[in-house]
Amino acid sequence: ATTLGAAAAQSGRYFGAATSSFMFSNSQHTTILNREFNSIVAENEMKWDATEPQQNVFNFTGADRLVAHARANGMSVRGHALVWHAQQPGWAQNLSGTALRNAMINHINRVAGHFRGQIHSWDVVNEAFADGGGGGRRDSNLQRTGNDWIEVAFRTARTADPNAKLCYNDYNTDGINAKSTGIYNMVRDFKARGVPIDCVGFQSHLGTTLSSDYQANLQRFADLGVDVQITELDVAQGSSQASIYERVTRACLAVARCNGITVWGVRDNDSWRRGENPLLFDANGNKKAAYNSVLNALNSV
Ligand code: G3I
């Protein structure tokens, strides 16, 4: 196959990109997006601050345009992200306790309900674990509502959109380490107690090295009975960029329950890390060496 999406589809996987509805008027961006990718995710437009700017007042303008673009171009949509400690609207940042808990539940019901049936996988909870060696939860206003906030979020999302895969999504989980093990223990506990969780997203914002146990880490989660997805892939520029992209792609292909890969933008200049040129297309829209390494890997299965 000659495009990323078609090559991934040969093994039943998707290959996606993050984008924004305001980028659709950029013809170079959109030409690449429509040609190469068969899944898209909103880089910002489905987040809490974008979708509920005032409490119980919802705005789906950008997100609806993104979903319509996907439908019109035969792409599926990942949902990102229902609950997160960052990018909360100001009114939510100022809530705590029961008021915040109830606002979270209402937000999930309304947003997942609005897109019911149109999202293949939702990041229900994003980045709830702390960095460093402790392996515990991140302190946040949500965490301070009680340790059960994550399972409440997943149960709420299941009711609001019963057919979406419900994912937990995080970064610095690119190997077997204290943070990924903390998440692993949560997923194992959720599966044991029947809390609805279907997938774990590995953001994979990568530097110039990749842990040798990247694939083994994906596999240990898959062995718990959840799907795994690479959700926000980007890799620092340098001589290792193409080979790291290739190794991540091959790791996903080697794990039967790895459903797909999403890169966090299209061209280097679209990226939140634009100074590091971390994506598959350069600022002129040209395919980079990293693109060829990913396409070849996808075509090798
Ligand atoms: O929307 C406002 C706009 O009104 C204002 O004029 C402008 C001025 O700075 O800011 C705009 O908001 C920006 C927003 O992106 C939309 O462009 C924020 O400042 C900016 O902080 C925000 O950055 C996003 C970041 O998440 C926020 O935490 C990045 O685009 C986005 O790539 C990044 O994505 C996250 C994932 O959601 C979760 N994982 C990590 C990843 C990278 O940080």
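The values are calculated or read from the model by the stated rules, or taken from the named source; none is laboratory data. Predicted, not measured: the structure shown is a model, and the values here were computed from it. Positions of Cβ are generated from backbone atoms using ideal geometry, with glycine treated the same way; all protein chains shown enter the neighbour counts. Just the protein is used for accessible areas: all its heavy atoms, side chains included, with ligands, DNA and RNA removed. Shrake-Rupley method; radii C 1.70, N 1.55, O 1.52, S 1.80 Å.
Asn163 meets each of the listed conditions (1) part of a strand (DSSP E or B); (2) more than 16 Å from the ligand (Cβ to nearest atom) apart from (1).
Among residues of the stretch 253-276 that are without any contact (Cβ under 8 Å) to a residue 40 or more places away in the chain, those with a beta-carbon under 7 Å from a residue that is basic (Lys, Arg) at least six positions away or on a different chain give the pairs Asp268/Arg274. Collect the residues in the stretch 103-152 that are closer than 18 Å to Gly201 by Cα, within 16 Å of the ligand (Cβ to nearest atom) and in contact with a helix residue (DSSP H, G or I) (Cβ under 9 Å, 6 or more places away or on another chain), keeping them in residue-number order. Within the stretch 103-152, Ile119, Trp122, Val124, Val125, Ala128, Phe129, Ala130, Asp131 meet the criteria. If you go through the stretch 79-101 and keep only what is assigned to a strand (DSSP E or B) and either open to solvent by 50 Å² or more (accessible area, probe 1.4 Å) or touching a Pro at 6+ places or on another chain (Cβ under 6 Å) (or both), you end up with nothing.
Considering the stretch 205-227, and only residues there that are under 30 Å from Asn269 (Cβ atoms) and part of a strand (DSSP E or B), the residue that is least open to solvent (accessible area, probe 1.4 Å) turns out to be Leu206. Within the stretch 23-48, restricting attention to residues that are over 17 Å from Trp122 (Cα atoms) and either in a loop (DSSP other than H, G, I, E, B) or among the acidic types (Asp, Glu) (or both), the residue that is farthest from the ligand (Cβ to nearest atom) is Glu36.
Could you please find all residues in the stretch 152-186 being among the charged types (D, E, K, R), more than 28 Å from Asp213 (Cβ to Cβ) and open to solvent by less than 50 Å² (accessible area, probe 1.4 Å)? Working first, answer last.
From the stretch 152-186, those among the charged types (D, E, K, R) are 155, 158, 161, 165, 170, 174, 179; that's our starting set.
If we keep only those that are more than 28 Å from Asp213 (Cβ to Cβ) as well, we get 155, 158, 161.
The one that is among the charged types (D, E, K, R), more than 28 Å from Asp213 (Cβ to Cβ) and open to solvent by less than 50 Å² (accessible area, probe 1.4 Å): Asp161.
Could you please let me know if Glu276 is open to solvent by 20 Å² or more (accessible area, probe 1.4 Å), out of contact with any Cys (no Cβ under 9 Å at 6 or more places or on another chain) and acidic (Asp, Glu)?
Working: open to solvent by 20 Å² or more (accessible area, probe 1.4 Å): yes; out of contact with any Cys (no Cβ under 9 Å at 6 or more places or on another chain): yes; acidic (Asp, Glu): yes.
When the stated conditions are applied, Glu276 passes them.
If only residues of the stretch 4-22 that are out of contact with any Leu (no Cβ under 8 Å at 6 or more places or on another chain) and not in a strand (DSSP E or B) are counted, the one that is surrounded by the most Cβ atoms within 10 Å (Cβ to Cβ) is Gly5.
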